[in-house]
Every structure is written in structure tokens, then in C-alpha cells.
Amino acid sequence: MAQELIKVALIGNPNTGKTSVFNHLTGLHQQVGNYPGITVEKKIGVCKLSEKVKATIIDLPGTYSLNASSIDENVVIELLLNKKDENFPDVVVVVTEVENLKRNLLLFTQIKDLELPTLLVINMSDRMQLKGIELDIPLLEKELKTSIALISSRKNIGIEKLKDLILNYKHLSTEPCLNASVIDLEYFDKLRRTFPNQLLYKLWLVITQDVNFLNLDRKELQSSFTKSHADLRRLQQKETIKRYQFINDTLKIGQKIDSSKATDIRAKLDRILTHRVLGYLIFFCVLFGIFQSIFEWSKIPMDFIDSSFANLSSYAKSHLPSGEFTNLISEGIIPGIGGILIFIPQIVFLFLFISVLEESGYMSRVVFLMDKIMRRFGLSGKSVVPLISGTACAIPAIMGARNIENWKERLITILVTPFITCSARLPVYAIIIALIIPNEKLYGFISLQGLTLMILYLLGFAMAILSAYILNKILKIKSKSYFVVEMPSYKIPMFKNVSINVIEKTKSFVFGAGKIILAISIILWFLGSHGPGKDFKNAQQIVIEKASNELNPANIDNQVSEYKLEHSYIGIIGKSIEPVIKPLGYDWKIGIAVVSSFAAREVFVGTLATIYSVGSHSNEEATIKEQMKNEVREDGKPVFNFATGISLLLFYAFAMQCASTLAVVKKETNSWKWPLIQLVFMSGFAYLVALMAFQFLK
Amino acid sequence: MQVTIADLKIGQKGTITDFNIDEVPLKLLEMGCLPGNSIELIQIAPLGCPLYFNVNDSHVAIRLEMAKEINVLIEINI
């Protein structure tokens, strides 16, 4: 039997708990993608309303109004104006919350003007008592011409009622709740007469916004109804005032606030968290705690994953019938997948902490504390969020810079964020540090390895700040320093939201990066185990002939493998780039790993794993770390000595090695100029620093 | 001289009278920063900027330059 499907759009101000309503309705039945052509996250989920009816729910980006000021907000308007869009909603659900009802309703009155069936959700009902708030729901429903679901996503109250209301959306009124055209009757009358078939508010949105709307010619519309920018802004102000008048009048009768009952935890916490000394101290402790725990806690699962894959690889080698295919699995695919999965513990912890900071409302206080300091470097207080989340991954971080109003500050933030040590650098750092820094404790409690890692993080941060400072001096862009940050009330993060967020982010990381890593390791394996000419084919013979003069026949098999690798395609490519990388202290194998990690840094470890396991003959299980330790130069000294290690660490700290980041920067800045500048400058600088370090230390 | 919301002391309240519309973004108006609405300065960041206000029950932080564009009538303490 055919099922009925209702299309629902969830809309609301940021910090109203819209996403937790979405999570309640859809659980894990979510799909996260992108809107075509832009990097705005698109979340769609499915919710079962009754035996016969399902709803597809689209979680639109949080917005304060339909007057869009960013591409995230544009998405909302474009969907609501375009009836032909496949996601055009049958019913719009506006999510608001009890404490900020007045402001939240502004967006609601705008959406009502679009004459769509609109449902009002008032969230966080569990805080009403605490804040001394009482609501007359039937009266509000009548005044706002809608149905209201008073819910608490935290306490899971009212969700069933909400589902019920969605199910019966056809009963919802589509009448606007106020007439905003009274702000300039003459103007709007003329507009109405010229386009009798169009909704007045839609026309107004098209005039004031940069949005596309069906077959209406924007130019025609704008030229015949032209008004100066200042006049339009004045009208928009009038419109906003008009809407607030209506909302204030409505709430005056529909809402009672007994402020004597309100217990204000917010004020007390703010006094501490934004204190001139304590505030910074707490922020520093939070950061320190996060990094410390990421490295301490994820060590055990990471070691476990590393050794399990080494075991699996040797198990596959010895239990599958020998041949090309087995080699592909045991030398290409298994080490490749291991190279992806090893990140999971650290990524989970990073995303966990970041989403807890954001959910709790603390992040806004950090923005507030840091703004003045960041401005000295040409950044905004809001740059703190990209810079912190850049420790997980630069891609969402750069997209997160969107809410910086000032273009110059936003551009600088985008340009310097890739210097921040992202999780993809971690495995590279971790493995090299383990090879070159002794596992000892300073004064008995400070781990030397941990300290090195911390220094690398600080180095990345210092570079970001320094280049921001320089860019601020160089770039001649004038833009107004608009800066508006909402300070949401403090909330205890909800387990469900945090865990769904962590799962989604980890999933998209593993599959996104995973595809690249897997593809590269298969290609590398192929290039490493095949070669042109006689040298590769007759490797065994050649080595044996040579070896007959020497006295170490025991090593003959290993030598054959080595010889083969050197004369494989990859060996030939590697040898040809060796002159460029030799001054940095790298041999050709490291060179291949460095080059292939321009697609994505984390490929480095996987690449070395693949190259070394192709190159080794033995069936013994060996972790990547052991294999790297055993690598020797021609003179018998280990490849990964202190000088080479430091040179590699510095190279990875500064180089722009991430194709996806470059693509995102291109999209966000709308030009190839900036990503190319990033690539050339960062990688050039990395090369120089690594060169100096190696030459100095060797 | 005109008194602006930048002149408020922490904990002091006032009523917004008017502002320079070219310097104040629409987003701030939509947050409730409109003539006639009451505004209270809650906190000043350690280096004197930004300022953290409660306006029309919205809690927002803005920079000093913008705050200087918004005129206010300071309430006389009762």
C-alpha cells in the first residue's frame, strides 16, 4: 500500500534547540549532504508519523530572519520561495524557545507572510518554572493564527503532540498574522497592482534580498520599484518595528513573566567565565584539558587498531592462496584501511569536546573574551571557533568562518586556519615522535613525547596568528566592522545531540577521507609491485648474481624485494624526485609519501605502510612503527633519525597538503586566487623551514 | 553631548532613542535593538571591547564602535 509522505521544513533561530527537535523526530535516520553547488550542510531525516504516513524532515540552517546575510541563510529563503524545489515543504515548523520567545517570533511572523501552513513549536518548556514564565497557549494560538506544540526536547515532552500536529497540517491556517504593508501603503499598493498574481511579501523579499525567484525578472522588478539603498533599509527597519509591535502586543496578553521567581544562573556564570583574569585562566585550562585528554585517552585504542591491522595483514598473507589478489589485499587494502581507522579515537574525542563547548553556550563567551585580542591580528573574536575546530579538521572550520560579518576578517581567518594542527596531521606527528623522541618523563611527570606534540600545536597556532598579522598589514580591503554575537543561555549539553553529532562527523570523515586513502593505497600498491623493463622482472637473478660475491645469503629474499621495489614504477618516480627532497633529509620512499599526502596528509602513514609492506619479504607481523624503525640508509644508519624526523614534523606543520581544504577555500572565497596563494606560500615556507632544520641538525 | 549605550555602566539600564541606520546592521535590529526598547549593559570584555547587552530580552555582544552609534536615554534609578 502506498504511503503518504509529508514534507516538513524545520526553521528557527540559532540556539533554540532546533537540531535536537530534529534529532528527536528522526533519530539516526538522517542523511547529511550539501546543497548543490555550495557547501552548506543539508540535513534530511525521516520520521514515522503513523502507520500510513511518514514525513521527510529537512533541518534548515539556523537564521534570525528571512533577511539573509549569509549563504546559509539564503538557503532558507530560496527553498521557501521556490515551489518547484523537490524539498518545498507542505508544512513549515518554526522552532522557538520560551526564554527568547519575543525575538524568535519575528521569524515566525515573516514565514506566516508567505502564506504557508505554519506550525509553531515552543521548546524548552522545562525552563518555564525556573524563569517564572507562564504562557496562555490557546490565546497565543488564536493571535498567531497557528497551532502550538509546547515541548521540551531535553525532557522528551510533547514530541508526540508535535507529530500529531504535523500529521494534521491541513487544518493549519495560512493567513498572515499581521499586515506589514502598512509601513508604506502607497509603495506596496503599486507593487500589488503591478504583480497581481504574486504574493506581496515574496516580492518584497526579492526586492530586498539577493535571491532568485522563479520566472520573475529581478531586474524588471527592481528597476520599476527602485528605491535607494538607504530608503530600503529604512523600510526594513520600519517593518521590523511593526513586527515587534505586534509581537509585544500579543505577548503582553499571552505571556506572564514573574521575574522575582527567575533564578539567574546565567548572570553568575557570566561573571566568572568572562572575568578579566579568571575568564582567560578557565579558557586556557579548558584547552589544555582537551588536548591532554585527547592524547592520553586515545593512545590505547590507537595502538590496538595499529597492531590489529598488522596482525590481520599477516593473517591474510598466510591464509589466503598466494597470488596477485592476496597481495593487493594484504599489502594494499588492509594497511590502507588501517591508516584511516587509526584516527577514529582522536577524531571522536575532538568532535566530542567541540560539540560540548558549542552546545553548552561556552563558545560564545570565548568569542566575547577573545575579540579585542584577535582584532589586533586582523581576526575577529568569531575566528576563535574556526581556529579551535580547525584542530579537528580545517574543512568544517573554514565553513564555520561564514558567520564572521566582516569580509577582511573572514578572509584572513580562512587563509590562516590550515596552519592549525588538524587531526590528519596527528598520525604523522604521533608516529614520527614515537620514533625520534625518547619515551621518557621530565621531572617524572611531563612526558617528553607529549611535550613535543604540544609544541607542534603551539607552533601551528603561532604561525596562524603571525600570518594573520602580516596579512592584516598587506591586504587592503575596507569593510565595516559589524560584529553581533548572541550570548545564549547556558545549557547542559544533551547526550543525544552530542553523540549524533560525533557519529555523523566521524562517519563523514572516515568515508570521505577513506575513499581517497583507499584509492591511493591501491594505486601505490600497483605501482610498487609492478615495474617496467628487465630490472624488475629479473630481480631475483640479478640480486643472486650480485650476492654470490658476498656472504649473506640469508638476507637474499629481502634484498630481492628491495631491489624489485627500487625498480618498480614507484621506485622510478621516487628516485626522480629524490634530488628535490634529499636536502630535507628524506629518501625516495618518504618522498613518495610526502607527494601522495598532498591529496590528504593522513595518507602519509598509509603510504609508508604500503611501500614498506610491499618492500618487505618477511611474513612476520610488524606494525607500521616497527617497519619504519627498521628502515636503514645505505650506510646502515636508521632512516628516521632525529634530523629527518624534525624536518618531517616541521614540513607537515606548515605545508598546505589537503586537496579538500583547497577546494573548500575556493568555494568560500569564490576564486582560485586564494587557495593557490595558500598552496604556494605554505608549502614553500614548509620546504624552507624543513631544509634549514635538517641542514642544521644533521 | 549625546549619550550612547557605550556610556552605560555595568548593570545600568536605558531606553534606546535612535541610531545611525547606516552603521547598525539589520541583524541587530532584528535582535530587538530598536527605538523604544530597553537596554542594559551586562558586561564589558577585559580590554574594553566588545560590550555585552541585554536588549529586549536578547543577549548580544557588539563592538564599541557600533555601540557608539546607538543613542540612549539613561533611566534614573528609582
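Just to be sure before I move on: is A:PHE377 modelled with pLDDT of 80 or more, within 14 Å of chain B (Cβ to nearest Cβ) and not in a helix (DSSP H, G or I) in the structure I sent?
Taking the combined requirement at face value, the residue satisfies it.
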Some residue of the range B:27-49 being buried (at least 22 other Cβ atoms within 10 Å of the Cβ), more than 10 Å from chain A (Cβ to nearest Cβ), at pLDDT 85 or above and assigned to a helix (DSSP H, G or I): no
Which numbered condition A:SER489 misses (of (1) modelled with pLDDT of 80 or more; (2) away from chain B (no Cβ under 14 Å)): (2)
Any hit, the range A:347-355, residues being farther than 30 Å from A:GLU99 by Cβ, surrounded by 20 or more Cβ atoms within 10 Å (Cβ to Cβ), touching an Asp or Glu at 6+ places or on another chain (Cβ under 8 Å) and among the β-branched types (Val, Ile, Thr): no
Filter result (modelled with pLDDT of 85 or more, among the small types (Gly, Ala, Ser) and over 26 Å from the mean Cα position of the chain (by Cα)) within the range A:445-486: none
Residues of the range A:424-433 satisfying the condition of being surrounded by fewer than 24 Cβ atoms within 10 Å (Cβ to Cβ) and either over 30 Å from A:GLU296 (Cβ atoms) or among the small types (Gly, Ala, Ser) (or both): A:ALA430
Meets criteria (assigned to a helix (DSSP H, G or I), on the phi < 0 side of the Ramachandran plot and aliphatic (A, V, I, L, M)) for A:LEU25: yes
Subset of the range A:462-481 [surrounded by 21 or more Cβ atoms within 10 Å (Cβ to Cβ) and closer than 11 Å to A:LYS408 by Cα]: A:ALA468
Residue that is more than 33 Å from the chain's Cα centre (by Cα), among the basic types (Lys, Arg) and at pLDDT 85 or above, where the choices are A:LYS252, A:LYS317: A:LYS252
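Every residue, every condition in (1) within 12 Å of chain A (Cβ to nearest Cβ); (2) of a type in the set (S, T, N, Q); (3) farther than 22 Å from A:ARG271 by Cα, yes or no:
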residue: B:VAL3; (1), (2), (3): no, no, yes
residue: B:ALA6; (1), (2), (3): no, no, no
residue: B:GLU23; (1), (2), (3): yes, no, yes
residue: B:SER58; (1), (2), (3): yes, yes, no
residue: B:ILE62; (1), (2), (3): yes, no, no
residue: B:ALA67; (1), (2), (3): yes, no, no
residue: B:VAL72; (1), (2), (3): no, no, yes
Selection from the range A:40-62 of residues that are at pLDDT below 90 and among the polar types (S, T, N, Q): A:SER50
Residues of the range A:41-81 that turn out to be over 23 Å from A:TYR244 (Cα atoms) and touching a Leu at 6+ places or on another chain (Cβ under 8 Å), as a count: 15
Unique residue being assigned to a strand (DSSP E or B) and either on the phi > 0 side of the Ramachandran plot or buried (at least 23 other Cβ atoms within 10 Å of the Cβ) (or both) when the list is A:THR56, A:THR96, A:THR16: A:THR96
Test: residue in the range A:263-275 that is of a type outside the set (A, V, I, L, M), free of Cβ contacts under 8 Å to residues at least 60 places away in the same chain and farther than 30 Å from A:LEU135 by Cβ: yes
Qualifying position, being farther than 26 Å from A:ASN168 by Cα and in contact with a Lys or Arg (Cβ under 9 Å, 6 or more places away or on another chain), among A:ASP72, A:ASP136: A:ASP72
Residues of the range A:560-603 that turn out to be surrounded by fewer than 21 Cβ atoms within 10 Å (Cβ to Cβ) and part of a helix (DSSP H, G or I), as a count: 17
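Given the criterion more than 14 Å from chain B (Cβ to nearest Cβ), of a type in the set (Val, Ile, Thr) and in contact with a Leu (Cβ under 7 Å, 6 or more places away or on another chain), identify the matching residue among A:ILE431, A:ILE414, A:ILE437.
A:ILE437
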Some residue of the range A:490-499 being buried (at least 21 other Cβ atoms within 10 Å of the Cβ) and either in contact with a Pro (Cβ under 9 Å, 6 or more places away or on another chain) or closer than 19 Å to A:ALA394 by Cβ (or both): no
Filter result for A:VAL75 (more than 14 Å from chain B (Cβ to nearest Cβ) and either within 18 Å of A:LEU162 (Cα to Cα) or in a strand (DSSP E or B) (or both)): no
Qualifying residue in the range A:297-309 (condition: assigned to a loop (DSSP other than H, G, I, E, B) and either within 11 Å of another protein chain (Cβ to nearest Cβ) or over 27 Å from B:ILE42 (Cβ atoms) (or both)): no
The range A:410-439, residues that are farther than 23 Å from A:MET682 by Cα and touching a strand residue (DSSP E or B) at 6+ places or on another chain (Cβ under 8 Å): A:ASN439
The range B:4-26, residues that are surrounded by fewer than 19 Cβ atoms within 10 Å (Cβ to Cβ) and touching a Gly at 6+ places or on another chain (Cβ under 8 Å): B:THR15
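Just the residues that are within 20 Å of A:ALA424 (Cβ to Cβ) and touching a residue at least 40 places away in the same chain (Cβ under 8 Å), please, taken from the range A:297-332.
Of the range A:297-332, the ones within 20 Å of A:ALA424 (Cβ to Cβ) are A:297-299, A:301-303, A:305-306, A:309.
Answer for the range A:297-332, where residues must be within 20 Å of A:ALA424 (Cβ to Cβ) and touching a residue at least 40 places away in the same chain (Cβ under 8 Å): A:TRP297, A:SER298, A:PRO301, A:MET302, A:ILE305, A:ASP306.
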Selected residue (only one of A:GLU175, A:GLU115, A:GLU86, A:GLU134 is more than 14 Å from chain B (Cβ to nearest Cβ), of a type in the set (Asp, Glu), within 29 Å of the chain's Cα centre (by Cα) and surrounded by fewer than 16 Cβ atoms within 10 Å (Cβ to Cβ)): A:GLU86
Check on A:SER447, surrounded by 14 or more Cβ atoms within 10 Å (Cβ to Cβ), over 26 Å from A:VAL595 (Cα atoms), in contact with a Lys or Arg (Cβ under 7 Å, 6 or more places away or on another chain) and without any contact (Cβ under 8 Å) to a residue 24 or more places away in the chain: yes
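The values are calculated or read from the model by the stated rules, or taken from the named source; none is laboratory data. Predicted, not measured: the structure shown is a model, and the values here were computed from it. Backbone-built Cβ (ideal geometry, glycine too); neighbour counts: all protein chains shown.
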